[in-house]
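Worksheet: the structure to be examined is printed underneath.
The values are calculated or read from the model by the stated rules, or taken from the named source; none is laboratory data. Worth saying up front: this structure is predicted, and the values here are computed from it rather than measured. So basically every Cβ, Gly included, is an ideal-geometry build from the backbone, and we count neighbours across all protein chains shown. Remember, those area values only see protein heavy atoms, side chains included, never the ligands or the DNA or RNA. Shrake-Rupley method; radii C 1.70, N 1.55, O 1.52, S 1.80 Å.
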Amino acid sequence: MMLPLPVRSLRLRRLACLFFPAAMLSLTTVRAADSVQYPTDFRRWVHVTTGVVIPGVNPQLATEEGIHHVFANPKAVEGYASGDFADGSVIVYELRESAPKNGSMSEGNRRRVDVMIKDSSAYAGTGGWRFERFWGDDQSQDALHDTGTSCFQCHAKAKAHGFIFSQLK
Ligand code: HEC
């Protein structure tokens, strides 16, 4: 079946972005466009920590219900000890559904992937970090429309450790 025209052309434009000039553009241009950056291989990075928010207990934590893991790329791993994270550090907070069964609890579907990417000159207004949010298994749509200010307001509490809450111990 033919797709309606606007959807088709949008898809084509996305395809063009994928296969075409990204590699040729300078970093600055890519940044200016704030192209979505999904860290596809984060599950193979260093695991920093895991937390469980039990469903139905604390309404204030409803958005975080399930099992979450934090992963750090090699550059970010180096920053954990001092809290001084070099440009190029990427840290992921992955939230999965919790699937209880016969007294055990395992990971269910992916609910969300939150990403922080360090680039101190491009994102000086948010502590040098770019914030991104992806729902479920979607890797193409950054759900944030406020350039991360809402995220940063809370992450500012972790200023003493480079705006990163988790610890690698
Ligand atoms: C109300 C506070 C709050 C808000 C708002 C918030 N975070 Fe966090 N975030 C945390 C806490 C607390 C942790 C540590 C979780 C843990 O260690 O189990 C965390 C962890 C993270 C991590 C892993 C690195 C770290 O700091 O440990 C990333 C990446 C992250 N958040 C991204 C985001 C993004 C993207 C947004 C906005 C869409 C956001 N956060 C909004 C509190 C917040």
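Of note:
- Picking from residues in the stretch 107-129 that are of a type in the set (Asp, Glu) and away from the ligand (no atom under 13 Å from the Cβ), the one that is farthest from Tyr38 (Cα to Cα) is Glu107.
- Yes/no for Ser104 being more than 14 Å from the ligand (Cβ to nearest atom), loosely packed, with under 12 Cβ neighbours inside 10 Å and in the same structural domain as His47 (by TED's automatic domain parsing): yes
- Picking from residues in the stretch 45-54 that are open to solvent by 70 Å² or more (accessible area, probe 1.4 Å) and more than 15 Å from the chain's Cα centre (by Cα), the one that is nearest to the ligand (Cβ to nearest atom) is Val52.
- The residue that is surrounded by the most Cβ atoms within 10 Å (Cβ to Cβ), among those in the stretch 112-169 that are without any contact (Cβ under 8 Å) to a residue 24 or more places away in the chain and of a type in the set (Asp, Glu), is Asp138.
- Residue pairs meeting the criteria (Cβ under 6 Å; at least 6 apart or on separate chains; first more than 18 Å from Ala72 (Cβ to Cβ), in the stretch 88-99; second among the aromatic types (Phe, Trp, Tyr) and within 13 Å of the ligand (Cβ to nearest atom)): none
- Residues that are at pLDDT below 95 number at least 1 in the following strands (runs of 3 or more DSSP E) confined to the stretch 48-137: 90-101, 104-118.
- Among the residues making up the stretch 149-162, those that are near the ligand (Cβ under 7 Å from one of its atoms) and closer than 25 Å to Ala81 by Cα are Cys151, Gln153, Cys154, His155, Ala158.
- Any pair with Cβ under 6 angstrom, 6 or more apart, that starts in the stretch 58-69 at a residue that is assigned by TED's automatic domain parsing to the domain that holds Ser98 and ends at one that is assigned to a loop (DSSP other than H, G, I, E, B): Glu65/Pro55
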